[in-house]
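The values are calculated or read from the model by the stated rules, or taken from the named source; none is laboratory data. Since this is a predicted model, take the numbers as computed values, not measurements. Ideal geometry is used to build each Cβ from the backbone, glycine not excepted, and the neighbour counts take in all protein chains shown. The accessibility values were calculated without ligands, DNA or RNA, using every heavy atom of the protein model including side chains. Shrake-Rupley method; radii C 1.70, N 1.55, O 1.52, S 1.80 Å.
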Amino acid sequence: MAFTLPSIAVSTSLDGKQVARFGHDFPLAAIDAAGVSTRRQAEGCCGSLAKAVADCEVVICTAIGRGAAGHLAQAGVRLAIVPEGTLVDAAVTLYRSGRLQAGGEPSACDHGHAHDHGHDHNHGCKG
């Protein structure tokens, strides 16, 4: 029986070259064991973004809010934080080689509100 590596999700810059913050305005790419990258679409809040990558082992990003990190954890998706300016290819290579470990703390949300998911944030997030 052959073992296949799970897909890795990366929050990317608009050009897809650099790792970016995991959030509403950033594209997602899922990279499979063969290195094939596919775009993932998600509408609405961080819960929808987490569902879009639920089949991935890890999300690599530069920053993430607490709510989004919680949704990923509930979906069983781990988190790996890299510094801004990290290239997507480099981050994936580091992760697959074991030199980038999953783990890391969520950063504070930076979109201007408390992120307790108890109310509508005017961006479609309801939990």
Practice task
Please report the orientation-averaged projected area of segment 1-103, defined via the convex hull of its C-alpha atoms, in nm².
Solution key: 6.2
Problem - Where labels lie 7 Å past Cα in the beta-carbon direction, separation of ASP25 and GLN74 in nm - result: 2.5
Handout entry: Surface share of carbon and sulfur [accessible, 1.4 angstrom probe, percent] for segment 1-93
Key = 54
Practice task
For ILE81, tell me the accessible area in Å² from a 1.4 Å probe, rounded to the nearest 10.
Solution key: 60
Practice task
Compute the distance in nm between two label points, each set 7 Å from the Cα along the Cα-to-Cβ direction, one at ARG99 and one at SER48.
Solution key: 3.7
Practice task
Using label points projected 7 Å from each Cα along Cα→Cβ, tell me how many nm separate ASP55 and VAL36, to one decimal.
Solution key: 1.1
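Report the semi-axes of the equivalent ellipsoid for segment 36-87 in whole Å, largest first, where each axis is √(5λ) for an eigenvalue λ of the Cα gyration tensor. Write out the running numbers ahead of the final one.
On the way: eigenvalues 55, 39, 25 Å².
After diagonalising the Cα gyration tensor, the semi-axes are 17, 14, 11 Å.
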